[in-house]
Amino acid sequence: MNKRMYFLVLLVFLLAFCVPGPARSSSQSRLMETKRKGYQIVPEAKFRNLFKEYLCCHLRKEKSDILISRFKVVGNKPVPWGKLAFRLFQKQSKELKAYVRLVAIISVNGIVRNSVYLSGWIDVFDSVVCSSRNLPKGDIIKREDLYLAKKNISYLSRNIFTDTNKVVGLRVRHSIKQDMPLESWMLERPPILEKGDKVTILFETKNLRITVPGKVLEKGYLGKLVRVENSMSCKKIFARVVNKATVVADF
């Protein structure tokens with residue numbers, strides 16, 4: 001009986017010292033090794049956060065409005081232990097859209113120690129103006145024709161509307177289907193003058209003001225130049241549209 005107990009105790013002792021503990025991951029082993037040598041490695045998660053913060057700051061978006069995928073870090077080498085500081089910038093001045101590349105400068109205790117290249121595909125979401133019904137060509141947009149919807153603008157034109165106030169009152173240039181995001185090329189500002197309209201042509205200087213009757217020769221838009229004919233001299237000139245009844249011409 002004593003021999004059996006002796007062997008059991010011996011077996012437990014051997015198992016306790018011979019069975020290996022939980023295996024460390026390669027990243028944990030690398031971290032411990034660099035720490036032992038007086039170095040540190042910046043985790044990829046830190047670079048991802050810095051990448052997203054840079055995008056949020058420059059695009060003026062919330063973190064929830066930006067989705068990052070296919071994120072890569074190149075050149076992440078160990079740096080000495082100390083207080084870390086990071087500076088991110090674009091090597092080439094490009095629009096922060098689709099596939100984005102940044103450079104991260106790493107400083108330790110105020111001394112530059114490494115440059116790391118960050119890249120990733122970004123999807124940016126924003127509220128865009130959409131049509132609430134089918135809009136035929138020639139319709140004047142009313143507020144009830146519109147609604148705002150969250151869309152991935154990475155795949156949309158940069159001329160997309162995000163403010164309904166900039167759309168109300170515009171005229172449809174081409175038929176628009178319901179629920180379609182509205183872009184600037186789809187709409188136009190309706191003319192306030194039509195060809196053949198009668199207007200007053202105003203010639204004005206600091207000390208002189210002359211008005212003559214005239215006729216509009218083409219469509220006229222508020223604040224834009226339009227070709228008109230002086231009804232008294234039959235001379236054709238360009239004048240700026242002030243309102244539905246008046247245009248202003250230079251002497």
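Every read-out reported here was derived from the displayed coordinates using simple, explicitly stated rules and does not represent laboratory data. None of the values given here were measured: they were computed from a predicted structure. A quick note on method: Cβ atoms are made from the backbone with ideal geometry, for glycine too, and the neighbour counts reach across all protein chains shown.
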Completion exercise
Taking N as the residue count of the chain, its alpha carbon Rg divided by 2.2 N^0.38 Å gives 1.94
Exercise for the section: Among PHE86, LEU50, LEU67, flag the residue with its Cα farthest along the positive direction of the charge dipole of segment 39-124, charges on Cβ as +1 for Lys/Arg and -1 for Asp/Glu. Expected result: PHE86
Completion exercise
The value for segment 39-124 (convex hull of the alpha-carbon atoms, volume per residue, Å³) is 90 Å³
Completion exercise
Distance in nm between ARG240 and LYS137 label points, each 7 Å along Cα→Cβ, equals 3.3 nm
Fill in the blank from the handout: Taking the convex hull of the alpha-carbon atoms of segment 198-249 and averaging its shadow over every direction gives an area in square nanometres of 3.2 nm²
Exercise for the section: Please sort by residue number the trypsin sites (Lys or Arg not before Pro) in segment 37-88 whose DSSP state is loop and whose Cβ has at most 13 other Cβ atoms within 10 Å. Expected result: LYS37, ARG60, LYS83
Completion exercise
At the level of C-alpha centres, the distance separating segment 103-169 and segment 59-83, in angstrom, is 21 Å
Handout entry: Selection from SER157, VAL212, SER119, by position along the positive dipole direction of the chain (Cβ)
Key = SER119
Problem - Candidates LEU148, LEU170, LEU84, ranked by Gaussian network fluctuation over the chain, Cα under 10 Å, top entry - result: LEU84
Exercise for the section: Mind putting a number on the dipole of segment 198-249 about its Cα centre? Charges go on the C-beta only, +1 for Lys and Arg and -1 for Asp and Glu, and I need it in Debye to the nearest 20. Expected result: 80 debye
Handout entry: Estimated [θ] at 222 nm from DSSP helical runs (n ≥ 4, -39500 (n - 2.57)) normalised by residues in the chain, nearest 500
Key = -5500 deg cm²/dmol
Exercise for the section: Would you mind working out the magnitude of the charge dipole of the chain relative to its Cα centre, with +1 at each Lys and Arg C-beta and -1 at each Asp and Glu C-beta, to the nearest 20 Debye? Expected result: 920 debye
Exercise for the section: Give the Kirkwood hydrodynamic radius (Å, one decimal) of segment 125-188, defined as one over the mean of 1/r across all pairs of different Cα atoms. Expected result: 11.4 Å
Exercise for the section: Select from the chain the helices, each a whole stretch of DSSP H, whose alpha-carbon atoms run 20 Å or more along the helix axis and whose Kyte-Doolittle mean is at least -1.0; answer none if there are none. Expected result: 2-18, 44-59
